[in-house]
Amino acid sequence: MALGLDLGYLERSARGEFDLGWLRDTKSEWGIHAKPSKTGLTMRDIAIGSYGEVPDHAPLRTTAPRGSDIDPDVPDMGYTINDKAEVWSDNVLDLYEEAVSRQWSATRDIP
């Protein structure tokens with residue numbers, strides 16, 4: 001297993017052999033819905049449930065989104081920057097929304 005990668009897992013996934021049995025024991029968040037604010041659906045509006053909770057330390061070193069159910073066989077990716085203090089800022093959602101609103105678009109901005 002090079003770099004902690006389970007090549008068997010990758011090969012099974014490439015063949016489409018998925019075992020979703022691990023989903024049976026997870027906590028479901030069905031019924032949680034984002035509600036758009038007066039400015040539309042923003043990043044802050046969708047930061048709800050377990051997706052909106054940013055842990056102080058990443059529990060697994062994968063590329064899975066926060067709050068997602070993760071198959072126990074998913075290989076460790078070996079990331080070394082895993083602490084919230086190293087990668088997160090509480091105002092990043094607002095900064096993203098501002099950047100999107102100021103993005104120049106040729107189709108919209110040129111008559």
Degrees separating the helix 92-102 axis from the principal Cα axis of the chain, which is the longest one: 50 degrees
Surrounding net charge for residue 79, when Lys and Arg each add one and Asp and Glu each subtract one, Cβ distance under 14 Å: -1
Relative packing of peptides 82-92, 43-53, 101-111 - highest average C-beta neighbours within 10 Å first: 43-53, 82-92, 101-111
Cβ-based charge dipole, the range 28-109, positive-most Cα from 96, 50, 68: 96
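Hey, got the dipole for the range 28-109? About the Cα centre, +1 on K and R Cβ, -1 on D and E Cβ, debye to the nearest 20?
That gives a dipole near 420 debye.
Values in this text are rule-based calculations from the coordinates and carry no lab data. The structure presented is a predicted model; accordingly, all values stated were derived computationally and were not measured. Cβ atoms come from the backbone with ideal geometry, glycine included; neighbour counts cover every protein chain shown.
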